[in-house]
Amino acid sequence: MKVTTAEFVKSAFEESQWARGDLPEVAFLGRSNVGKSSLMNSLLGVRGLARTSRTPGRTQAINFFLINKSFRFVDLPGYGYARVSKQVRESWGEIVTAYLAKRARLVLSIHLVDSRHDPTQSDLQLSEWLASNDKPRLVVATKADKLSRNGLQKSLRRAREVLGAGADEIVAYSSVTGMGRERVWREIEEALAVSQSPL
């Protein structure tokens, strides 16, 4: 995929603010500090489009980005950050669940897990929800450059064990080295192509 244009569209704190139109969307999900913004910037080949933060849990809105004037990337709020109130954590969960359940043009959910740690209970819950609702998804293990080759293989094997069905293939990704970038784009392109095929 050659990225010719990538622009921030809007942040939405409630459903009425979601981006309008019939463009296909690719959503990025994962716990706070998993590297969503870095991965998105790496995929797009731009710096700073999706804001990175040293403070996990900073992204509390759904952020929409228009790519090549033809589809959108959607950055969903990170989950699992302890230093926010229970009420805020629950509201984030409601926002994410509503988007995943209602967004008709969602063609792929990219579920990010940290390759340095076992998937969390929240990761498992998200994986099971996507599977039970038949949502096309791709599991990506971020920060793969932080591990040795052997350590990475063990991490991927463990993630498959924890996440179970639907996580048979997990893409190891590094925003630093570009590892996994072509594979993720291939999955995105295939999902976009399927969405445009006549029924």
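We did not get these values from a lab; they are worked out from the coordinates using the rules stated. Predicted model, so just to flag it, every value in this text is computed and none were measured.
Here are a few things to note about the model shown:
- Summarising the amide proton neighbourhood of residue 79: residues at separation of 5 or more, or on other chains, whose placed amide H is nearer than 5 Å comprise 30, 31, 32.
- For the range 129-140, 3J(HN,Hα) per residue [Karplus equation, 6.51 cos²θ - 1.76 cosθ + 1.60, θ = phi - 60°, Hz, x = Gly/Pro]: 5, 4, 5, 5, 9, 6, 8, x, 8, 9, 9, 10
- Percentage, to the nearest whole number, of Cα pairs in the range 100-199 over 24 Å apart: 24 percent
- Whichever lysines have a C-alpha closer than 29 Å to that of residue 154, once near sequence neighbours (fewer than 8 apart) are set aside: 36, 135, 143, 146
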